[in-house]
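Below is one structure, written out as structure tokens; comments come after it.
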Amino acid sequence: MDPLGLKIILITFVVFVPLERLFALHAEQKVFRKGWANDLVFLLVNGLVIKLGLLAVIAASIAAAAWVVPASFQATVGGLPLWVQIPLVILLSDLGFYWTHRLFHAVPWLWRFHAIHHSIEELDWLAAARVHPVDQILTKGVSLVPVVALGFSEWAIGVYALLYQWQSVLIHANVRFRFGPLRLLFASPEFHHWHHSNDREARDRNFAGQLSLLDALFGSLHMPRGRMTTAYRLHRPIPHRYAFQLLYPFVGDGVHQSVPALPATETELRPANPAPELASAVHPPVASGLTNR
Ligand SMILES: [Zn+2]
Ligand SMILES: [Zn+2]
């Protein structure tokens, strides 16, 4: 029994730390960078909470699917060769991930949960762990429900989950990989580092988890040739410790009184709780994308 996933955490550490030393995007960044202990707590405690939440979502979708999707259809889908099922599972799941993630950026009260992930200032192999459980359970839940309900096999979903897990760590890692000609198909470190960038031009871009192709299709891609982003910072201070970060979406300003405010030039980039009309002015591509889909 390894409910906290200690073995896989150790393997990930052993694989990625040398990789980040050899191919560092930010060579000056330390292995034990700012907030690493907090993110380790996220990885250990949150990981377990998220697994339990997702198991509940999957069990509920299997039960609901039995009422909606004919068993013969599920049997046909589950009987397709794995080389057909796996790409379909990745595509369908990432479509769910893309739109849920985009919604988390566009809707102010959802953004309060997702802001925890964007509060990270130095990206590395551990950064993917800093995510509010409500954010992760909803985003991953929406991406998993259709593939479970449609009857894709456990093997196909298992391979997808494994690929997602490693790709998620890789795209946050402090490495300068760009994926060459495949950069417009698969999400890379270059692609996702731009998602975390505090550059004005990169705001609300690159939402996909695995397929950068989706951002190209839906008009939200930002990957200028020959450039990598250099700075990551949320435009509003978020409390630094795990427990406060979990509470932040519910109590907001009440838990980060002691965090110094950013200069006005930075705070103005993203309002703390933009009113709906202001949100549409701040995120025009997202707002129009959502109403048009
Ligand atoms: Zn995001
Ligand atoms: Zn991220």
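The values are calculated or read from the model by the stated rules, or taken from the named source; none is laboratory data. Please read all numbers here as calculations on a predicted model, not as lab measurements. Note that each Cβ is placed from the backbone with ideal geometry, even for glycine, and that neighbours are counted across all protein chains shown.
Structure above, values below:
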| read-out | value |
| --- | --- |
| Flag for LEU22 being among the hydrophobic types (A, V, I, L, M, F, W, C) and free of Cβ contacts under 8 Å to residues at least 24 places away in the same chain | yes |
| In segment 219-263, the residues that are assigned to a loop (DSSP other than H, G, I, E, B), touching a helix residue (DSSP H, G or I) at 6+ places or on another chain (Cβ under 8 Å) and modelled with pLDDT under 75 | ARG233, LEU234, HIS235, ARG236, HIS256, ALA261 |
| Of residues in segment 195-218 being among the small types (Gly, Ala, Ser) and assigned to a loop (DSSP other than H, G, I, E, B), the one nearest to ligand 2 (Cβ to nearest atom) | GLY209 |
| Complete set of residues in segment 136-163 that are closer than 21 Å to ILE8 by Cβ and within 16 Å of ligand 1 (Cβ to nearest atom) | GLN136, ILE137, THR139, LYS140, SER143 |
| Hey, GLY151 more than 16 Å from ligand 2 (Cβ to nearest atom), assigned to a helix (DSSP H, G or I) and either more than 10 Å from the chain's Cα centre (by Cα) or over 15 Å from GLY47 (Cβ atoms) (or both) or not | no |
| Residue within segment 172-185 that is assigned to a helix (DSSP H, G or I), touching a residue at least 60 places away in the same chain (Cβ under 8 Å) and within 16 Å of ligand 1 (Cβ to nearest atom) present | no |
| Of residues in segment 70-112 being hydroxyl-bearing (Ser, Thr, Tyr) and under 18 Å from GLN210 (Cα atoms), the one surrounded by the fewest Cβ atoms within 10 Å (Cβ to Cβ) | THR100 |
| Which listed residue is more than 18 Å from ALA202 (Cα to Cα), modelled with pLDDT under 95 and part of a helix (DSSP H, G or I), from TRP125, TRP109, TRP83 | TRP109 |
| Residues of segment 26-59 satisfying the condition of being free of Cβ contacts under 8 Å to residues at least 12 places away in the same chain and part of a loop (DSSP other than H, G, I, E, B) | ALA27, GLU28, LYS30, PHE32 |
| Among residues of segment 167-184, those that are surrounded by 14 or more Cβ atoms within 10 Å (Cβ to Cβ) and either basic (Lys, Arg) or more than 12 Å from ligand 2 (Cβ to nearest atom) (or both), counted | 8 |
| Residue among ALA156, ALA129 that is buried (at least 22 other Cβ atoms within 10 Å of the Cβ), in contact with an Asp or Glu (Cβ under 7 Å, 6 or more places away or on another chain) and at negative phi | ALA129 |
| Top-ranked residue in segment 1-25 [being over 21 Å from the mean Cα position of the chain (by Cα), among the hydrophobic types (A, V, I, L, M, F, W, C) and part of a loop (DSSP other than H, G, I, E, B); ranked as nearest to ALA243 (Cα to Cα)] | MET1 |
